[in-house]
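The values are calculated or read from the model by the stated rules, or taken from the named source; none is laboratory data. Worth saying up front: this structure is predicted, and the values here are computed from it rather than measured. Cβ placement follows ideal geometry from the backbone for every residue including glycine, while neighbour counts extend to all protein chains displayed.
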Amino acid sequence: MTNNVYIEQKKNKVAIEFFEVCKKFNKIYTLNNINLSIFSGKVIVICGPSGSGKSTLVRLINRLEKFDSGEIFVYGKPISNLKGNNLRKLRMNIGFVFQKFNLYSNLNVLNNVALSLIQIQNWKKEKAYQYAIEKLKEVGISNKTHSYPHELSGGQQQRVAIARVLASNAKIIIFDEPTSALDPEMISEVMIVIKNLSYHKITMIVVTHEIQFARKIADQVVFLSSGKILEQSDPENFFSNPKHPRVKKFLKKILFPLK
Ligand SMILES: Nc1ncnc2c1ncn2[C@@H]1O[C@H](COP(=O)(O)OP(=O)(O)OP(=O)(O)O)[C@@H](O)[C@H]1O
Ligand SMILES: [Mg+2]
């Protein structure tokens, strides 16, 4: 295979590539020399201790934060210098689901999901609402279209947030601890919705501590500690046969917190 063919093939398969990425806050490395390939249509789970840099890593992908050196390629294109329209385009391709839902409290469920279609993509209202209802059905919450966020449970709000991202037709979805603000009983309903998305060939990056969930949905698991990737492998190896002592310690603590 010639080098060019290899590069072309890799470009098609890799949705996101980190190349020697470093990020500092107040002169301290939060991310230190991150090299990582995230393959198109796959689910990558990122875990690691609190403060290890997980949120920072995912926030770099749609430039919610800037990095100091290295490069991130999204579908083969470098993102470090994107501005204006090009930066907006990047963000339109990448949906973000936050721990705290971030719904607009003054809008009902339907408008939360349809807003960007109407205001940014200039869809006619009727078409946008129809599409929003379709997406609300996909996450099992189309019976709440006229409710406001404060009238919904945490799990329901998170499902609306997921419907909103789906409506944007993002090719990549980032979830930053999507279940950690939820009551235990609500966690599984959101996890089922995310698991179902994994059949849709959307590239997903999921920061989570839910080990059983990670095991079920991940194609690849990455462990971060103090801003460095200490281990990355398939879920079976990662959870059953971790190599790095720090990963072993972390998993033991999560699986047997009282020991
Ligand atoms: N805006 C900021 N200004 C200064 N320091 C920051 C900022 N954002 C993050 N940090 C620091 O970077 C480090 C990594 O933070 P980050 O939020 O990425 O960790 P995390 O792995 O997501 O943690 P958690 O599991 O608690 O969410 C922490 O030491 C944090 O204090
Ligand atoms: Mg975080």
Tabulated pairs, the stretch 120-134, first surrounded by 12 or more Cβ atoms within 10 Å (Cβ to Cβ) and assigned to a helix (DSSP H, G or I), second at pLDDT 95 or above and of a type in the set (F, W, Y), C-beta under 9 angstrom, 6+ apart or interchain: Y131/W123
Matching residues, the stretch 71-100, being of a type in the set (F, W, Y) and away from ligand 1 (no atom under 16 Å from the Cβ): F73, Y75
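Could you look through the stretch 12-65, keep only residues that are of a type in the set (S, T, N, Q) and outside any loop (DSSP other than H, G, I, E, B), and pick out the one that is farthest from E231 (Cα to Cα)? Break it down into steps so the answer makes sense when it comes.
Here is the first cut: in the stretch 12-65, the residues of a type in the set (S, T, N, Q) are 12, 26, 30, 32-33, 35, 37, 40, 50, 52, 55-56, 62.
Retained after the next criterion (residues that are outside any loop (DSSP other than H, G, I, E, B)): 12, 30, 32-33, 35, 37, 55-56.
Details: N12: 25, T30: 17, N32: 14, N33: 14, N35: 12, S37: 13, S55: 17, T56: 18 Å.
Restricting to residues being of a type in the set (S, T, N, Q) and outside any loop (DSSP other than H, G, I, E, B), the top hit is N12.
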Count - residues of the stretch 136-147 that are in a helix (DSSP H, G or I) and surrounded by fewer than 22 Cβ atoms within 10 Å (Cβ to Cβ): 5
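Would you mind listing the strands (runs of 3 or more DSSP E) fully within the stretch 148-259 where at least 1 residues are under 19 Å from S37 (Cα atoms) and either without any contact (Cβ under 8 Å) to a residue 24 or more places away in the chain or among the polar types (S, T, N, Q) (or both)? First the steps, then the outcome.
Details: elements: 172-176, 203-207, 220-225, 228-233.
By residue number, 203-207, 220-225, 228-233.
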Cβ pairs under 7 Å, 6+ apart, first in the stretch 40-65 and farther than 19 Å from L90 by Cα and within 9 Å of ligand 2 (Cβ to nearest atom), second part of a loop (DSSP other than H, G, I, E, B) and not charged (D, E, K, R): S52/S226; S52/G227; G53/G227; K54/G48
Among residues of the stretch 33-44, those that are buried (at least 17 other Cβ atoms within 10 Å of the Cβ) and within 16 Å of ligand 1 (Cβ to nearest atom), counted: 3
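Residue by residue, here is whether (1) more than 8 Å from ligand 1 (Cβ to nearest atom); (2) among the aliphatic types (A, V, I, L, M); (3) more than 23 Å from R246 (Cβ to Cβ) holds:
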{"site": "E20", "(1), (2), (3)": "yes, no, no"}
{"site": "F25", "(1), (2), (3)": "no, no, no"}
{"site": "I46", "(1), (2), (3)": "yes, yes, no"}
{"site": "R63", "(1), (2), (3)": "yes, no, yes"}
{"site": "K66", "(1), (2), (3)": "yes, no, yes"}
